[in-house]
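The values are calculated or read from the model by the stated rules, or taken from the named source; none is laboratory data. In this text the structure is predicted, and so the values were computed from the model without any measurement. Quick reminder, even Gly has a Cβ in these numbers, built from the backbone with ideal geometry, and neighbours come from all protein chains shown. The protein model used for the area step is the full one, side chains on, heavy atoms only, and it has no ligands, DNA or RNA in it. Shrake-Rupley method; radii C 1.70, N 1.55, O 1.52, S 1.80 Å.
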Amino acid sequence: MGACVSTSRSTCSSKSNGEPVPLPCLGIGFCRQKRTKRTFSDHVVTLQHLPSIPNRVFTNGKSRTSCIFTQQGRKGINQDAMIVWEDFMSEDVTFCGVFDGHGPHGHLVARKVRDALPVKLQSFLNSCQSRQNGSDQTCFKGNSMKSDVGDLDKDGSIEDKLNSLWREAFLKSYKAMDKELKSHPNLDCFCSGSTAITIVKQGSNLFMGYIGDSRAIMGSKDSNDSMVAVQLTVDLKPDLPREAERIKRCKGRVFALQDEPEVPRVWLPFDDAPGLAMARAFGDFCLKEYGVISIPEFSHRTLTERDQFIVLASDGVWDVLSNEEVVEIVSSAPTRASAARILVDSAAREWKLKYPTSKMDDCAVVCLFLDGKMDSESDYDEQGFSSATLDQSNHSGNAAESDDGQKSEPCLQRNFTVRSAEETDTYGRQAVEVDGDGEAVNNAEDQSWLGLEGVTRVNSLVQLPRFSEERPGP
């Protein structure tokens, strides 16, 4: 993209209050570990191995330290995906992610990213680990650790080294993910894409990489032991000054429609399409030459004992609930295992109250509890969940899953982050993703973008571009 390419710099890294941040090896703690423990190299996997990996949850359920829940909205097939992967690289590492798809194939893009992105992150860290074992540059070994730390502090803080390694890991894995989507032989991502909010928790270190408008917040206790909400990420909307400047520099356009002045969108320079409601995303290759990028924002935070839990969620939750409301709902849930479901239920009620003429968006939630504790199995079973059972209200997750496993109730058509050609007058023609029985329709070439009745809250896309028409000269 030439001038469009930029590097993200963290603005929210927190200091460690003068205490050294452990950096055994990439911050994942497996230099000279006893072989009785599983190490990072033991965890390098391929996509074919994903269904058999333990402690990887991607449907409604729970893990040792988290609960996750997603619910289809009233716009068609569920385009949200989510994941919690414990023992991700070693026994104290957890990967979490939420992915919100948009466009005709957004549900497929979100699921592909959910499955492939963590594997790419693992692969990069494994290769980096191999190089460092050979060069012996940042691995601290045995009794030499203290002197090595002193030498390291001469060149820069341990935290800076840690940030640099993880920043590179996130940047390269996101870049590789977008490259794979672009060349995928069976997945058209030209006008389809996905957000991504991904975190890795290793001990007291929290690393975050994200694109799009999904959000992460943290529930923490203040000096009075009252729960407060801490926003960990920034919604990367097109009207943010830095995002808008980049898009305009690359000849893209940023403006909101008259009937939704609160929703800035990205448009092609030669057509009022597609109207993407975010500045960064996987896929959406029709806009990648015009300022939309997949380079993630990266940040690192050192967790403290006051930090209680982290919530990742798609914009179906944030459109109707504030950060403070989300923290209150999660902290007051009768059981931790039910927190994600109760949060989604609360969002669904708010959609009906605040936007009665709107079609509720899909919602996906991950709640990660930082003390590593969950309810007993009996408490969890009383809530009607099973971490090993696929909830039929969910989309499925791997190659053996069906992409149309939705509820049997009639499904309304999906309102995307894009609208259709006739939509200038009618507000809302969208790609048809399901038929009247809720069955998925995957042949995008044979489907028309039909309008929705009523008013919608936010469409991620407004209109598919018509590239068959001759483009005007510069």
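Every test in (1) modelled with pLDDT of 95 or more; (2) over 21 Å from the mean Cα position of the chain (by Cα); (3) in a loop (DSSP other than H, G, I, E, B); (4) of a type in the set (A, V, I, L, M, F, W, C) is passed by Val320 save one, and that test is (2). Out of Val320, Val366, Val292, one residue alone is within 26 Å of Arg64 (Cβ to Cβ) and either open to solvent by 10 Å² or more (accessible area, probe 1.4 Å) or in contact (Cβ under 8 Å) with a residue 24 or more places away in the chain (or both). It is Val366. Counting residues in the stretch 166-174 that are open to solvent by 50 Å² or more (accessible area, probe 1.4 Å) and at pLDDT 50 or above gives one or more. Mind checking whether some residue in the stretch 205-212 is open to solvent by 10 Å² or more (accessible area, probe 1.4 Å) and in contact with a helix residue (DSSP H, G or I) (Cβ under 6 Å, 6 or more places away or on another chain)? Within the stretch 205-212, none of the residues are open to solvent by 10 Å² or more (accessible area, probe 1.4 Å) and in contact with a helix residue (DSSP H, G or I) (Cβ under 6 Å, 6 or more places away or on another chain). Across the stretch 66-93, the number of residues qualifying as modelled with pLDDT of 95 or more, in contact with a Phe, Trp or Tyr (Cβ under 6 Å, 6 or more places away or on another chain) and not aromatic (Phe, Trp, Tyr) comes to 2.
You will find that of Arg280, Arg265, Arg253, the residue that is open to solvent by 10 Å² or more (accessible area, probe 1.4 Å) and either modelled with pLDDT of 95 or more or touching a Gly at 6+ places or on another chain (Cβ under 6 Å) (or both) is Arg253 and no other. Residues in the stretch 175-204 that are of a type in the set (S, T, N, Q), more than 30 Å from Thr304 (Cα to Cα) and surrounded by fewer than 24 Cβ atoms within 10 Å (Cβ to Cβ): Ser183, Asn186. Only residues that are more than 14 Å from the chain's Cα centre (by Cα) and either outside any strand (DSSP E or B) or closer than 18 Å to Asp362 by Cα (or both) were counted in the stretch 77-107, giving 11. Of the numbered criteria (1) on the phi > 0 side of the Ramachandran plot; (2) buried (at least 18 other Cβ atoms within 10 Å of the Cβ); (3) in contact with a helix residue (DSSP H, G or I) (Cβ under 7 Å, 6 or more places away or on another chain), the one Gly275 fails is (3).
Screening Glu260 against (1) modelled with pLDDT under 95; (2) under 28 Å from Glu159 (Cα atoms); (3) open to solvent by less than 30 Å² (accessible area, probe 1.4 Å) leaves a single unmet condition, (2). On the stretch given as the stretch 249-286, residues that are part of a strand (DSSP E or B), β-branched (Val, Ile, Thr) and under 18 Å from Thr195 (Cα atoms) total 1.
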